Amino acid sequence: MTQTDSLPEKTAPEVPGAQALVRGLDVLMTIGAAPAPMRFAELQKALDIPKGSLHRLLAALQSRELVRFEEHGKRYALGSKVFDLARRTIDQSSVIRAAKPEISRLSRLLNRPCCLYVQDGEFVFVLYFEDPDAGNARVVRVWPRIRAATSAPGLAIAARLPHQERSGKAIPALGQAKALGYALSKDDTQSVASAIVDSSGYPVAALCCHFETSPERAEELHETGRLVKEAAQRASGNVSCTDSPAKLPPKPEKIEVELQVLNTGRDFMGENPIWCPVENRLWWLDILAPALRWLDDGTFQPNRILLEDLTGGLSLTESGRLLLAGRQGIQLLDPKSGQVTLLFDPEEDKPDNRFNSAGLDRDGNLWVGTMPLDNATGTGSLYRISADLSVDVMLENAGLPKNPALSPDGKWLYLSDGKSGALCKYPLLENGTLGNRNILVQGSPETGLPNGIAVDTEGFVWASMYGGWSVNRYSPDGTLDRKIDLPVPMPTALTFGGPELKTLYVTSTYLRMPAGYSSIAPQAGNLIRIETEVIGMPAVRFGL
């Protein structure tokens, strides 16, 4: 919980016709700002309100569960409704949803408390935090409001403000923060912070890492600053994201198909599931955690390996290692040792891009798209990478190319286009190039947007309908053959697995849901398992 400073001595201006409301709010804020529950006499002394009026105000606040009376000790404290509203505020905050995976990752990586600060006038305060010590029940953390002008998060936010909005004289720390991309504070507690900005570049919050145990060397502070800056940049991309619908169609009243929501833990953004028949194992990614996930058939015990950076593409290789495609390029990962080897990066000259989901054709060529970190459209490409690591650019200046998949005969490439919200297909020509684009399915706010793709042995295309609460099966000409309703609104990707390749595994996200949907769809982010009567195409391995 975050503790605020005590109320300012200066009395707030009276609002005509709302004196009773203002007095009630003063009572509530005084109780909330106090370090401990307050007796009636203490409240009366602090507020200078007549006894009868104070009794009536307290009774009204109690009736709305904003204040509770503790019989033991005869004291007044904040009621349960305040905490419920606070939880709803957190759920509705797009900044929290955007920054949460980065805060979680930083806290685990640095083993230190990491916070999300927002500014309120001359102060900044903690809106959300993760703390390894608090998670282990060793300490209960209280974060006071701190002055923006002298704190790392306040300086980080000020450094990104337009020049005309900065107040006061220029100070060296502000110039340093602007040049470095992060700010340092060396008061009683050292901290490092970097601003999170929206799509226009305006600062809306700051990520901050606190050092509270011992003075840190300058080198360590700046190394942490680099990590916090990179995390803030990734969070800024999530803030700027425009691929999440503001409103979703209603949740299905009844799920007709028998399915199983596996207790895998909520992925921030599940993606690119692949079935390995040798190990009877499902592999998939959590892009924004970022992590490699897996689940062994029969045990259903989920596992994970944390990854260093955003990773969206995954494929099997003939050597038994896994190929990863992400912000750092194309990599190989040995799942037994955890060792990661960088192969190469075709977009080394585009540091603001990352690789997205990947697929393989029948010849073992890797098809993988790229996209900007901020989810803008038009600067990504689609590549075909051969076993000898030669690269062909198949599409340039593409609009968020996702989830490439091939028809059983290898004559058609299916691709979801995040820019237009369409499922497209391209003919593969004899000279190895792609023919003209055909729109197979056009998504809409009512149906959802085709995102993840899987092809079965009959040539039908299965698509996870992002924002549509369903997985749909389409014929090769785009006719809807089947719709399977889901308990999650934003399925992201899918694949066939199991011994007979008749089990459909579906990943999902909860981070990109609109505000308020965590309570409507509490299973969002978990892996879903559906038994079908059709057979999926077996996974191909990259022949590196």
- Going through segment 30-88 in order, the residues found to be assigned to a loop (DSSP other than H, G, I, E, B), among the hydrophobic types (A, V, I, L, M, F, W, C) and within 28 Å of Gly516 (Cβ to Cβ) are Leu66
- Note on the structure: Exactly one of Leu389, Leu395, Leu413 is among the aliphatic types (A, V, I, L, M) and part of a loop (DSSP other than H, G, I, E, B), and that one is Leu389
- Matching residues, segment 260-288, being touching an Asp or Glu at 6+ places or on another chain (Cβ under 8 Å) and surrounded by fewer than 24 Cβ atoms within 10 Å (Cβ to Cβ): Phe268, Glu279, Asn280, Arg281
- Mind checking which pairs have a first residue in segment 323-334 that is over 12 Å from Leu389 (Cβ atoms) and a second that is surrounded by fewer than 23 Cβ atoms within 10 Å (Cβ to Cβ) and β-branched (Val, Ile, Thr), Cβ under 6 Å, 6 or more apart or different chains? Gln331/Val340; Leu333/Val340
- Query: Looking at segment 163-170, is at least one residue modelled with pLDDT of 85 or more and either over 30 Å from Pro302 (Cβ atoms) or of a type in the set (Val, Ile, Thr) (or both)?
  - Reply: no
- Task: Taking Arg304 as the residue in question, decide whether it is farther than 17 Å from Lys100 by Cβ and either loosely packed, with under 14 Cβ neighbours inside 10 Å or not hydrophobic (A, V, I, L, M, F, W, C) (or both).
- Result: no
- Item | Pick from segment 258-279, criterion part of a loop (DSSP other than H, G, I, E, B) and not acidic (Asp, Glu), ranking: farthest from the chain's Cα centre (by Cα) | Val278
- Message: Looking at the structure I just gave you, is Tyr510 in contact with a strand residue (DSSP E or B) (Cβ under 6 Å, 6 or more places away or on another chain), hydroxyl-bearing (Ser, Thr, Tyr) and in contact (Cβ under 8 Å) with a residue 60 or more places away in the chain?
- Response: no
- Sort through Pro401, Pro427 and tell me the only one that's at pLDDT 95 or above and either assigned by TED's automatic domain parsing to the domain that holds Leu343 or not β-branched (Val, Ile, Thr) (or both). Pro427
- If only one of Thr224, Thr213, Thr242 is modelled with pLDDT of 85 or more and either in a loop (DSSP other than H, G, I, E, B) or within 30 Å of Thr509 (Cα to Cα) (or both), which one is it? Thr224
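The values are calculated or read from the model by the stated rules, or taken from the named source; none is laboratory data. Remember, it's a predicted structure, so these values are computed and weren't measured experimentally. Note that each Cβ is placed from the backbone with ideal geometry, even for glycine, and that neighbours are counted across all protein chains shown.
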